[in-house]
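The values are calculated or read from the model by the stated rules, or taken from the named source; none is laboratory data. For clarity, every value in this text was computed on a predicted model and none was experimentally measured. Ideal geometry is used to build each Cβ from the backbone, glycine not excepted, and the neighbour counts take in all protein chains shown. Ligands, DNA and RNA are stripped out before the accessible areas are found, and what is left, the full protein with its side chains, is counted by its heavy atoms. Shrake-Rupley method; radii C 1.70, N 1.55, O 1.52, S 1.80 Å.
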Amino acid sequence: MSASQHIKTTLYRLWPKSIAAQLIVLLLAAIVAAQALSVWIFHDERRITMVAAARDNLLSRAISIATLLEETPEELQQKILDASSSRYAIFWIGDTPLASKPGASRFEQRLQGYINNRLGSDYIAHINIHADEKRGPRDRDRNADGNPSWRDVPKGERPPNLKRIMNKPEDLSLSIQQADGRWLNVATSYRPPKGAIIPLLVQLGLTALAAVLIIGFAVRRVTRPLKDLAVSAEKLGRGEDLEALKPTGPKEVRALTSSFNDMQDRLTRFVKDRTRMLAAISHDLRTPITSLRIRAEFIDDDENREKMIETLEEMAAMTEATLRFASDEANAEPAEKADLGAMLEALAGDQEDMGNACSVKTSGTIILSCRPVAMRRALRNLIENGIRYGNAVTIKTELSGDDVLVSIRDKGPGIPEDRLNDVFEPFVRLEESRSEETGGIGLGLSITRSIIHAHGGTISLHNHPEGGLVAELRLPLG
């Protein structure tokens, strides 16, 4: 097996089989794909929005602090600066501007104009942007973007916590000149938090959970009546008597259930009508056959008399067999759980008690849902045929998925390959050894096949390479 075939086989095994599971998997895949596509498309927009909001907030704070410092005594200014600093931005006053000149980019010039409009023409403000909104920091190296960095600030003018706060690449540098000639410097190292994906995952998980619950409830409402319908169809195929199903679920499922009930009623009436007709014909034939048998006794020609009586007796046997079969079908027994292995061992024991060779090899306990009397009759027909024409019978059973395989092999001459299917037809006898003198009239295998099919199974015949005929049955366990 090639690698591609192995992958396909593995995916087929992992793919859920039920409608509910398939819909849930497909829905979850659609939700995850849509969320991933949204994140991929709007990731940059989200970063730009968050960075722009942070910068706008910083500029507003810087303007407010710059105007406040003008009205605050010098001994209190440091407290204001310390209170305004955070883990993303630090404020301090120094003789040297952090941003020695205005930024050259269009965005920096626009922010520069925003600061000047808010503060007025008496203030000089310089803004330098060290990071791109989409791609983050331009370069982690010092002065790689051509603008001064906080590292260029003389150590004597640096605030004590500047290096500790600025432990990440810079985002923005701002310098506003005060009325006394000193500069209000602001350095930021803000970055959108990396943990921002966690809320997205939580949102995705809650959405998926809600979808699974809703879809699970909706699909259950659809599949529950479908499952009941499948079970009833399986039982109907085995010939069991069923009550009409109650239509439930969506409109289409209710219509399907109603159609199944109508079909079940028609099939049941059709089978019962044909069975009653067959029984009536077989019953009515008994009288003319008996009358002809009496009249044949008065024929003078001994040879013709014996042949006619022999033919009439054969017709009477066929009629009785047909009548018994029709009677059994008209009074079908209810299905129940039965131990197939115990049933076969009992049938084999009966043959051994009569001095016939019959052995059974079963694969543990096999519980079969069947009509026990009818199933026992079908198995007995096959075993007795094997004993009658093959002297000895070997029976084996094995499990195959949801089915059980029963193999019944005899030691006889077998059957010509082109006639293997003919023996299932009513009243067909192939050889002299299968004449009425041996007890057969040609209905045994036909009845057996009818019983096996009524149980949802199959039966086939084939010649064994080492001799003998093998009857192979496949029966569902459910």
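Looking at segment 372-382, is at least one residue crowded, with 20+ Cβ neighbours inside 10 Å and basic (Lys, Arg)? Scanning segment 372-382, I find no residue that is crowded, with 20+ Cβ neighbours inside 10 Å and basic (Lys, Arg), so the answer is no. Restricting to segment 211-227, name every residue that is closer than 30 Å to Ala374 by Cα and either of a type in the set (Lys, Arg) or surrounded by 17 or more Cβ atoms within 10 Å (Cβ to Cβ) (or both). Of everything in segment 211-227, just one residue is closer than 30 Å to Ala374 by Cα and either of a type in the set (Lys, Arg) or surrounded by 17 or more Cβ atoms within 10 Å (Cβ to Cβ) (or both), namely Lys227.
Screening Pro426 on (1) closer than 30 Å to Glu336 by Cβ; (2) modelled with pLDDT of 80 or more shows it passes everything except condition (2). Filtering segment 385-409 to residues that are of a type outside the set (A, V, I, L, M) and surrounded by 19 or more Cβ atoms within 10 Å (Cβ to Cβ) leaves Asn385, Gly386, Tyr389, Gly390, Thr394, Thr397, Arg409. Tallying residues that are open to solvent by 70 Å² or more (accessible area, probe 1.4 Å) and touching a residue at least 24 places away in the same chain (Cβ under 8 Å) within segment 229-253 yields 3.
With the structure loaded, tell me whether Ala66 is more than 12 Å from Ile176 (Cβ to Cβ), out of contact with any His (no Cβ under 6 Å at 6 or more places or on another chain) and either β-branched (Val, Ile, Thr) or modelled with pLDDT under 85 (or both) or whether it fails that test.
Working: more than 12 Å from Ile176 (Cβ to Cβ): no; out of contact with any His (no Cβ under 6 Å at 6 or more places or on another chain): yes; either β-branched (Val, Ile, Thr) or modelled with pLDDT under 85 (or both): yes.
In short, no.
Residues in segment 275-310 that are under 26 Å from Ser450 (Cβ atoms), surrounded by 13 or more Cβ atoms within 10 Å (Cβ to Cβ) and either modelled with pLDDT of 80 or more or not hydrophobic (A, V, I, L, M, F, W, C) (or both): Thr275, Arg276, Ser282, His283, Arg286. For Leu119, the conditions (1) modelled with pLDDT of 80 or more; (2) touching a helix residue (DSSP H, G or I) at 6+ places or on another chain (Cβ under 7 Å) are fulfilled apart from (1). When only residues in segment 157-179 that are at pLDDT 70 or above and not small (Gly, Ala, Ser) count, which is most open to solvent (accessible area, probe 1.4 Å)? Looking at residues that are at pLDDT 70 or above and not small (Gly, Ala, Ser), I get Gln177.
Could you grab me the full set of residues in segment 361-371 that are among the hydrophobic types (A, V, I, L, M, F, W, C) and open to solvent by 50 Å² or more (accessible area, probe 1.4 Å)? So that I can check it myself, show each step before the final result.
At the first step, the residues of segment 361-371 found to be among the hydrophobic types (A, V, I, L, M, F, W, C) are 366-368, 370.
Residue satisfying the conditions is Ile367 alone.
Within 23 Å of Leu242 (Cα to Cα), free of Cβ contacts under 8 Å to residues at least 12 places away in the same chain and aromatic (Phe, Trp, Tyr), is that true of Phe298? Considered against the rule, which asks whether it is within 23 Å of Leu242 (Cα to Cα), free of Cβ contacts under 8 Å to residues at least 12 places away in the same chain and aromatic (Phe, Trp, Tyr), Phe298 comes out as no. Of the residues making up segment 242-268, just one is small (Gly, Ala, Ser) and within 25 Å of the chain's Cα centre (by Cα), namely Gly249. Taking Glu108 as the residue in question, decide whether it is among the acidic types (Asp, Glu) and in contact with a strand residue (DSSP E or B) (Cβ under 7 Å, 6 or more places away or on another chain). Judged against the criteria, Glu108 is a match. Does Ala36 meet the test of being modelled with pLDDT of 75 or more, open to solvent by less than 80 Å² (accessible area, probe 1.4 Å) and under 58 Å from the mean Cα position of the chain (by Cα)? So Ala36 passes the test. Inclusion of Arg182 among residues that are touching an Asp or Glu at 6+ places or on another chain (Cβ under 9 Å), of a type in the set (D, E, K, R) and either surrounded by fewer than 17 Cβ atoms within 10 Å (Cβ to Cβ) or modelled with pLDDT of 75 or more (or both) is warranted.
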